[in-house]
Amino acid sequence: MNPHIALLNPLWEPFVNNAFLRNALLASSLVAIICAVAGTYVVLRGFSFVGDALAHGVIPGIAIALLLGVPGVVGAALGAVLMMGGVSAITSKVRLSSDTGIGLLFVGMLSLGVIITSRSTSFVGDITRILFGELLGVQSRDLVWQVVVLVVVVAIAVFAHRPFVLMSLDEGLARTSGFSVTFFHGLMLTMVGLAVVGSFQLVGTLLVLGMLIAPAAAGALVARRVSTMMLSAIAFGVASSYVGLVTSYHFDVAAGASIVFTSVYVFIIVAIVTIPRRMLGHRELPHQHEHTH
Amino acid sequence: MNFRTNTSTLTDMITTANAITATRLQVGHGLHSVVHDIDLEVQSGGLLVLIGTNGSGKSTLLKTLAGLLPALSGSVSVLGEVPGALPKRVAYLPQHPVSSHTLPLRARDVVAMGRYAHLGLFRRESDTDRRAVSDAITRTGTIDFADQPLRNLSGGQQQRTHLAQVLTRHAEVLLLDEPTAGLDLNGKQSVADIIAAERSRGVAVVLATHDLQDAVAATSVMLLAQRVVAYGPPDHALSDDNIRECFGFTQPH
C-alpha cells in the first residue's frame with residue numbers, strides 16, 4: 001500500500017475493523033444533527049440555560065425507569081414532559097428571576113435522580129451511564145429511535161421556523177405577526193426535550209448540553225443567515241463526533257466526553273479564528289455610513 | 001388595502017372612519033394599572049402623538065393597542081376588532097434596545113420578517129413580498145447596510161431596519177414606539193416624511209415620543225403622566241400649563 005495512505009490508516013481503520021465503532025459513529029452523527037437543528041434555535045433564543053435544565057430534569061425519570069427495568073428512554077420522555085411543564089410555569093408565572101427558578105429546578109432534579117439511583121445495587125454503574133452516556137454500547141434499536149427523533153425535530157423546525165426566528169428577535173414581534181407565542185414556546189421546549197431524550201444514551205445528560213450549544217454557537221459565529229448557521233452547526237457537530245471517536249479509540253478515553261470536548265474546542269478555535277472578521281465588521285460600518293451621507 | 005381605499009363608499013366611510021377607538025380604557029401590566037379613563041379616536045390618515053416621560057404610560061397604551069397587553073377595563077377597537085386580531089393590517093414598532101445579540105441575520109432578513117404576518121408558516125415569498133421588502137429598504141435608507149449582519153449595526157441603523165420591517169407590512173394602522181430614538185436630525189426628518197407618506201395613503205398612525213417636535217404634524221396629541229393630562233388638537237393640547245404638568249419640573253429635551 002502507498003505509505004502516505006498507510007500513514008492515514010489510524011483515521012479509518014478503527015471503523016473498518018469494529019462494528020461497534022461504526023454504530024457509534026452513526027449514532028453520534030445522528031445525535032450531532034439532531035442537536036445542531038434544535039441547538040440553532042436554542043442559541044438564537046438565548047435558551048441555553050433552559051436546555052441545561054431539561055437535560056438534568058430527565059435524570060429522575062431515567063433512574064426510576066432503570067429501577068423498574070423499563071427502557072430509560074421512556075423515563076426520560078416522562079421526565080422531559082414534567083420538566084417542560086416546570087420550566088414553562090417558571091418562565092411565564094414566577095416573579096423570581098427565572099434563571100434562579102430554573103437553576104433550583106435542575107439541581108433539585110439532579111439530586112433526586114442520584115437519590116433514586118442510590119437505591120439500585122449497581123449505583124455507580126447506573127449513575128455513570130446516566131450522566132456520561134454509553135456511546136460504545138449503541139444497539140441498532142437505538143439507531144432507529146434516533147432516526148425517529150431526527151425526523152420529528154426536523155419536522156418541527158420546518159413547521160415553526162418563521163415564528164422561532166421572530167421570537168428570537170422579539171417575542172412581541174411574533175405575537176403581532178399573528179403567531180401564538182405560548183404555543184410556539186411550548187413547541188420549542190418540546191423540540192429541545194426530544195433532542196435531550198434522543199441523545200442522552202450516547203453522551204449522557206451532563207454532556208448533552210455541549211452537543212446542543214457548542215456546534216450551534218460556532219455556527220452563529222461563521223454564518224450571516226440562520227440557514228447557514230444550522231448547516232455549519234451540523235458540519236461542526238458531525239466532524240466533532242468523528243474526531244472525538246477517533247481520539248477516544250487511540251487514546252483509550254471516554255467516547256462521549258471526547259466528542260463533547262472536541263465540539264467545545266472547535267467552538268473556541270472558531271471563535272478565535274473569526275475575531276479579525278468580526279472586529280473588521282464593526283469597524284467597517286461607521287466608515288461606510290460616512291460615505292452615504 | 002388598495003381594494004378598500006379604491007372602493008370606499010359613503011357607508012364604508014361611516015363604518016370605517018375611525019381606525020382606532022377607545023372609551024374609558026384602562027391600561028397596565030397585570031393587576032398594576034398605569035393609566036385609566038383614556039378616550040381616544042384616530043381616523044384613517046390621522047396621526048395621534050402620545051407624549052410623556054419614561055413610565056408615563058405611553059408605551060403601555062401602545063402595547064395595549066397592539067394587543068400585547070390586555071385592556072384592564074373599558075373598550076378599545078382597532079379597525080373594528082379587538083387589538084391584536086388583525087396582524088396583516090396593523091403593524092407595531094416596539095421600543096428597541098440596541099441588540100448586541102449574536103443573531104446571524106442581515107438587516108435585509110430582519111426587514112423581510114415583516115412579511116411573515118402575510119406569509120404565515122409556509123407560503124413562499126412572491127414578487128409582491130419581495131417588492132414590499134425592497135421598497136421599505138430604499139425608503140428608510142436601510143439599503144446602505146442591507147447586507148450587513150444586524151449585530152454590526154449602530155443603534156440608529158437598527159432603528160431604521162426595524163422601521164423598514166414595519167413598513168413591509170403595508171398595514172392600515174401603524175403603532176410606533178419612539179421611532180426617532182437614536183436618530184440624527186436627518187434620520188428624524190426622514191421618519192417624519194415616511195409617516196406623512198403613509199398617512200397620505202390613508203394609514204392611521206399612533207406615535208409615542210418624548211420629543212415635542214414630533215407633535216407638530218399631529219391631528220391630535222395626548223399628554224400622559226400616568227394619567228391623561230390633555231387630549232386634543234396640538235395647539236390646544238400643547239399649552240404651557242399642560243406641558244409643565246406632563247413633564248413635571250424636568251425640561252423636555
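A short reminder: the numbers here are calculations on the coordinates, not readings from a lab. The structure presented is a predicted model; accordingly, all values stated were derived computationally and were not measured. Counting neighbours? That spans all protein chains shown, and the Cβs are built from the backbone with ideal geometry, glycine included.
Before moving on, here are some points about what is shown:
- MRE, 222 nm, helices only [DSSP H, n ≥ 4, -39500 (n - 2.57), over chain B, to nearest 500]: -9500 deg cm²/dmol
- Residues whose placed amide H lies under 5 Å from that of B:Arg106, excluding near-sequence neighbours: B:Leu150
- Relative contact order for segment B:95-243, counting Cα pairs under 8 Å that sit 6 or more residues apart, in percent: 21
- Between A:Ser120 and A:Val144, full extension at 0.36 nm per residue minus the direct alpha carbon distance yields a gain of 5.8 nm.
- Diffusion coefficient (Stokes-Einstein, Kirkwood radius over C-alpha pairs, 10 °C, 1.306 mPa s) for chain B: 85 µm²/s, rounded to a whole number.
- Contact order relative to length of chain A, as percent, for alpha carbon pairs under 8 angstrom and 6 or more apart: 27
- Highest mean packing first, where packing is the average number of other Cβ atoms within 10 Å per residue, the peptides A:265-273, B:47-55 line up as B:47-55, A:265-273.
- Kirkwood Rh, angstrom, the protein assembly as shown [1 / mean 1/r, Cα pairs]: 26.0
- DSSP beta bridges fully contained in the protein assembly as shown are about 50 percent antiparallel.
- Across chain B, the relative contact order, built from alpha-carbon pairs under 8 Å that are at least six residues apart, equals 26 percent.
- Just so you know, the Rg over Rh for segment B:143-222 is 0.96, from Cα atoms, with Rh as the Kirkwood radius.
- FRET E, pair A:Phe183, B:Asp39, Förster distance 41 Å, beta-carbon r, rounded to 0.05: 0.75
- Förster-model FRET efficiency, 41 Å R0, A:Thr247 and A:Asp170, C-beta, rounded to 0.05: 0.50
- In units of the compact-protein estimate 2.2 N^0.38 Å, segment A:3-287 shows a Cα radius of gyration of 1.04.
- Proximity of backbone amide H atoms, modeled 1.01 Å from N, is registered between B:Val221 and B:Val49, B:Gly232 at under 5 Å, excluding neighbours fewer than 5 places apart on the same chain.
- Interchain or long-range residues, amide H under 5 Å from B:Leu93's placed H: B:Leu175, B:Leu176, B:Asp177
- For segment B:27-65, backbone nitrogen atoms closer than 20 Å to the point 7 Å from B:Glu245 Cα along Cα-to-C-beta are found at B:27, B:34-41, B:49-59, B:61.
- Peptide B:116-122 has a mean of 5 when you count, residue by residue, the C-beta atoms of other protein chains within 10 Å of its C-beta.
- Each residue, A:Asn17 and B:Asp135, gets one label point 7 Å from its Cα in the Cβ direction; the gap between the two is 6.9 nm.
- Cα point-scatterer Debye curve for segment A:1-123, base-10 log of I(q)/I(0) at q = 0.10, 0.19 Å⁻¹: -0.49, -1.07
- Segments A:219-225, A:182-188 sorted - mean Cβ within 10 Å per residue, highest first: A:219-225, A:182-188
- Among complete DSSP H helices in chain A, those whose alpha-carbon atoms stretch at least 20 Å along the helix's long axis and whose mean Kyte-Doolittle hydropathy reaches 0.0 are A:19-45, A:72-92, A:98-117, A:140-169, A:181-203, A:208-222, A:226-251, A:255-273.
- Averaged over the residues of peptide A:166-176, the number of Cβ atoms from other protein chains lying within 10 Å of each residue's Cβ is 6.
- Loop-located trypsin sites (Lys or Arg not before Pro) in segment B:66-147 (DSSP state other than H, G, I, E, B) with a sparse environment of at most 12 neighbouring Cβ atoms within 10 Å: B:Arg123, B:Arg124.
- Projected label distance in nm at B:Ala196 and A:Leu82, using a 7 Å step from Cα toward the beta-carbon: 6.5
- J(HN,Hα) series, segment B:110-116, from Karplus relation 6.51 cos²θ - 1.76 cosθ + 1.60, nearest Hz, glycine and proline x: 5, 4, 5, 4, x, 7, 4
- As a calculated quantity, the FRET efficiency between B:Thr53 and A:Val74 at R0 = 45 Å, using C-beta atoms, amounts to about 0.20.
- With the charge dipole of segment B:113-154 set up from +1 on Lys and Arg Cβ and -1 on Asp and Glu Cβ about the Cα centre, the Cα lying farthest toward the positive end among the listed residues B:Ala136, B:Gly120, B:Ala146 is that of B:Gly120.
- Helical mean residue ellipticity (222 nm; -39500 (n - 2.57) per DSSP H run of 4+; nearest 500) of chain A: -28500 deg cm²/dmol
- Cα-centred dipole magnitude for segment B:112-175, charges only on beta-carbon of K, R (+1) and D, E (-1), debye, nearest 20: 120
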